[in-house]
Structure formats: structure tokens, C-alpha cells
1. In segment 348-356, is there at least one residue being at pLDDT 90 or above, over 24 Å from Lys297 (Cβ atoms) and not aliphatic (A, V, I, L, M)?
2. Go through segment 39-59 and report how many residues are under 24 Å from Ala355 (Cα atoms) and not in a helix (DSSP H, G or I).
3. If you check Val128 against the conditions, is it surrounded by 23 or more Cβ atoms within 10 Å (Cβ to Cβ), within 22 Å of Val187 (Cβ to Cβ) and in contact with a strand residue (DSSP E or B) (Cβ under 9 Å, 6 or more places away or on another chain)?
4. Considering each of Ser192, Ser144 in turn, give the residue that is within 22 Å of Asn356 (Cβ to Cβ) and either in contact with a Pro (Cβ under 7 Å, 6 or more places away or on another chain) or free of Cβ contacts under 8 Å to residues at least 40 places away in the same chain (or both).
5. Tell me whether segment 313-325 contains one or more residues that are among the charged types (D, E, K, R), assigned to a helix (DSSP H, G or I), at pLDDT below 85 and more than 20 Å from Ser353 (Cα to Cα).
6. List pairs: first in segment 334-348 and of a type in the set (Ser, Thr, Tyr), second surrounded by fewer than 22 Cβ atoms within 10 Å (Cβ to Cβ), Cβ under 6 Å, 6+ apart or cross-chain?
7. Residues in segment 45-59: is at least one modelled with pLDDT under 70, over 36 Å from the mean Cα position of the chain (by Cα) and surrounded by 13 or more Cβ atoms within 10 Å (Cβ to Cβ)?
8. Scan segment 60-80 residue by residue and report those that are within 11 Å of Asn356 (Cα to Cα), crowded, with 20+ Cβ neighbours inside 10 Å and among the aliphatic types (A, V, I, L, M).
Amino acid sequence: MSGATGNLDCEECLSSAQVADSAESQPHPVVDDDDELLRYIWTEYLHPKQYEWVLIVAYILVFCVSLIGNSLVCFAVGKNRHMRTVTNYFIVNLSFADVLVTIICLPASLVVDITESWFFGNTLCKVVPYLQTISVSVSVLTLSCIAQDRWYAICHPLMFKSTAKRARKSIVVIWVVSCIIMIPQAVVMECSSLVPQLVNKTSLFTVCDEHWGAEIYPKVYHTCFFIVTYIAPLCLMVLAYIQICHKLWCQPIPGNTSVLQRKWRSIQCSAPAVGEAARVRTSTVCAEIKQVRARRKTARMLMVVLFVFAVCYLPISVLNVMKRVFGTFKKTDDRETVYAWFTFSHWLIYANSAANPIIYNFLSGKFRGEFKAAFSCHGENQTERKRPRASTDSRKSLSTQVNMDNVSRISDQIV
């Protein structure tokens with residue numbers, strides 16, 4: 001987002017007049033030369049305050065978790081063929097976008113949020129916000145594709161067949177579309193100084209901000225941006241997951257207790273007569289249980305990912321509209337509060353990138369196993385040794401057809 005780069009809100013937070021007024025209102029030594037002036041500005045305005053050191057630690061923590069976690073997600077799916085599903089391809093795309101924005105945009109945002117100045121030149125002033133908005137677009141479109149894929153697979157399985165090849169093509173389209181629709185963001189970004197007298201002496205009080213030709217253009221652009229990248233896709237995804245939840249948890253599909261009991265009684269009655277057929281039917285019932293439970297787990301994980309995304313991007317989306325569309329902060333007297341809100345909203349965006357791998361770890365057994373294997377010297381060998389044993393135990397349990405409790409036990413082992 002245009003407000004998400006962390007360097008776009010300084011004009012509301014700082015101006016040359018504010019610097020002058022604040023400097024006059026505070027006792028300070030007589031400024032003899034430019035060096036002492038710059039030293040005074042650094043001490044009074046740019047040096048991190050106590051609460052900003054907490055922000056620095058929080059940024060560093062998010063940087064490490066996001067970089068390591070999302071890299072592990074890409075590694076896990078790339079290394080294991082059995083994890084190369086349609087949903088996981090989209091998850092890898094989401095993780096790649098998070099890694100990109102973490103490496104390129106997070107350090108710049110941290111420096112700008114702390115110093116309230118842009119030190120990286122006019123080129124990066126265009127590149128960093130552009131990549132930030134591309135990441136937002138890629139994340140939204142990827143989550144939308146995941147929701148669409150799950151909606152078709154669960155609610156309308158005969159209407160559309162999703163394949164890995166189609167998923168890869170969709171990912172390419174997502175990046176191309178995101179790069180194109182975010183070009184205006186790169187065009188309008190320019191560097192300017194809030195204190196023109198210091199332009200040739202220092203980069204302090206240089207800001208990277210949007211420069212539009214007329215006042216109506218940013219209002220139209222940011223209103224459309226808010227609708228296209230937040231409100232509209234979020235509403236569509238919520239509707240899709242409501243239908244998915246209704247299908248998986250509310251309708252009497254295979255895997256429901258009453259259906260399973262009828263099937264299990266039928267198997268028990270036929271078992272003495274036709275042993276092989278009963279075993280086949282038992283396997284079918286257990287496969288149905290496995291599919292339903294796996295789909296529920298996946299849907300639960302994806303809904304949590306969507307919820308966290310919506311929460312993390314809500315503050316910056318609202319603040320951006322308030323600032324760019326309504327001009328709420330142009331005449332604010334409470335500079336510190338506005339600055340704190342924007343700073344926290346910037347941090348939340350990167351926190352979302354760090355949160356996704358944590359969600360996968362807690363809500364996906366496959367990702368959790370791969371993460372553990374990555375941090376264990378013998379994790380891969382242990383995983384390989386456990387798999388045949390688990391399947392053997394499952395076959396033994398399948399042959400022991402006693403009652404409904406056995407079905408639950410079997411399904412737990414399989415899933």
C-alpha cells in the first residue's frame with residue numbers, strides 16, 4: 001500500500017515550521033555552524049526514543065521470523081513432491097512475496113519510521129513503495145485464488161478441476177497483473193525536502209512521498225485501491241469460506257456420524273460372509289473420513305490466514321484512506337499519536353508476513369513435520385522410518401472391525 005512503506009506520512013508528522021517552532025520553544029545552545037545544527041537536530045528529533053527501541057526490536061524479530069519461516073515454507077514444498085498440491089503452490093507464492101517485501105521493504109520502513117527521513121535516493125523512493133504495493137496485490141490475489149480453488153473443490157467439485165499446471169499459470173498471471181496495476185505508485189513517488197535550507201548539507205528531513213498533478217487524483221486512486229485490494233476481495237473470500245464451512249460442517253456429507261454408523265453396520269453385517277469385500281468397503285469409509293477431516297483442517301488453516309491478513313492490513317488501509325482521501329491529518333495537533341498509529345500499522349504489515357509460517361506450523365501437520373525435520377539432524381530419516389510403520393498400523397486397524405470407536409482411531413492414524 002502507498003501508506004505501507006513507512007515513508008509516506010512524514011509531512012503530517014513533521015514540517016520545517018514545526019522544527020523551527022519546537023526548537024525555539026526549547027532551551028538549546030547557540031548554533032554556531034551547520035555541523036552543530038545538524039547535531040542538534042539529530043539529538044532532538046531523529047535519535048530513537050525509548051519506545052522506538054522497542055519498535056526496533058520488534059522489527060528485527062519480525063524480520064528474522066518472516067525470513068526464516070517463509071523460506072522454510074518454500075523449501076518444504078520444493079523438497080517434497082507429496083506436498084506440491086494446488087493450495088501449497090499458492091502458499092509458496094504467498095511466502096515468496098513475503099520474503100521479497102521483508103528483505104527489500106522492511107529495513108527501509110524501519111529506518112524511516114525511526115528517523116522520519118528518507119536516506120535511500122530517488123530511485124529506491126520509487127522502487128520500495130512499488131514493491132510494497134505489488135506484495136499487497138500478490139497477497140490479496142493469491143488468497144483469492146486459494147479461496148476460489150477451495151470453493152470449487154468442496155462446494156462444486158464437478159464444475160472445475162484444479163491442477164498444479166493451472167495453479168502455476170495463475171501465479172504468473174497474479175504477478176503480471178500486480179506489476180501492471182501498481183505502476184502508478186512508482187510514477188508518482190518522488191523525494192523532497194521539508195527543510196530546503198538543508199538540501200545540499202544533509203539527507204535529514206528528506207521525505208519520499210506521492211506527487212500528483214491535481215488533488216482529485218490521489219482521492220480517486222486511493223479509494224479504488226482500498227476497494228480493489230481490501231474490501232472487495234475480502235468480502236468475496238468471506239462469502240466463499242461461509243459456503244465452505246456450511247458444506248464441511250453443516251451438511252450430512254460422508255464422514256458424518258450418522259452416515260458412518262450406517263455404513264459401518266452394513267460392513268459388520270457383511271463381514272462374516274464376504275471378508276474381502278468388507279475390507280474394501282472399510283477402506284472406502286476410512287478414505288472418506290480422511291478426506292473430510294483433511295479438508296476441514298485445510299479450510300480452518302486458510303480461514304485463520306485470511307483473518308490474520310484482514311486484521312493486519314485493516315489499520316493501514318483505514319489510515320491511508322483517512323489521510324489521502326479525506327485529508328484528516330493535515331491540521332492535526334497531536335503529532336505523536338498520528339506518528340504512533342502509522343508506525344504501528346506499518347509494523348503490523350510485516351508482522352502478517354511473519355505470522356503465516358507460524359499458522360502453518362500450528363494448523364498443518366505436514367508443514368509442522370517438515371519444519372521439525374529442517375531443524376533436526378535426523379529429522380528426515382525419522383520421518384521416513386515412521387511412514388511405513390504408520391501405514392502398517394493402519395492396515396492392522398482396518399482388519400480389526402469392531403465398532404464405531406475403531407473408525408475414529410483409524411482415521412486419526414491416517415490423518
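1. yes
2. The initial filter retains those residues of segment 39-59 that are under 24 Å from Ala355 (Cα atoms), namely 51-59.
Those still in the list that are not in a helix (DSSP H, G or I) too: none.
The total comes to 0.
3. Values: surrounded by 23 or more Cβ atoms within 10 Å (Cβ to Cβ): yes; within 22 Å of Val187 (Cβ to Cβ): yes; in contact with a strand residue (DSSP E or B) (Cβ under 9 Å, 6 or more places away or on another chain): yes.
Judged against the criteria, Val128 is a match.
4. On the way: Ser192 fails: within 22 Å of Asn356 (Cβ to Cβ).
Just one listed residue meets the conditions, Ser144.
5. Going through segment 313-325, the residues among the charged types (D, E, K, R) turn out to be 323-324.
Next, from what is left, pick out any that are assigned to a helix (DSSP H, G or I): 323-324.
Now drop any that are not at pLDDT below 85, which leaves none.
No, that holds for no residue.
6. Tyr339/Cys13; Ser345/Pro315
7. Looking for residues that are modelled with pLDDT under 70, over 36 Å from the mean Cα position of the chain (by Cα) and surrounded by 13 or more Cβ atoms within 10 Å (Cβ to Cβ), one finds none in segment 45-59, hence no.
8. Once the filter is applied, which keeps residues that are within 11 Å of Asn356 (Cα to Cα), crowded, with 20+ Cβ neighbours inside 10 Å and among the aliphatic types (A, V, I, L, M), segment 60-80 yields only Val73.
The values are calculated or read from the model by the stated rules, or taken from the named source; none is laboratory data. It should be emphasised that the depicted structure is a prediction, and the values quoted were computed from it without experimental measurement. Note that we place each Cβ from the backbone using ideal geometry, even for glycine, and neighbour counts take in every protein chain shown.
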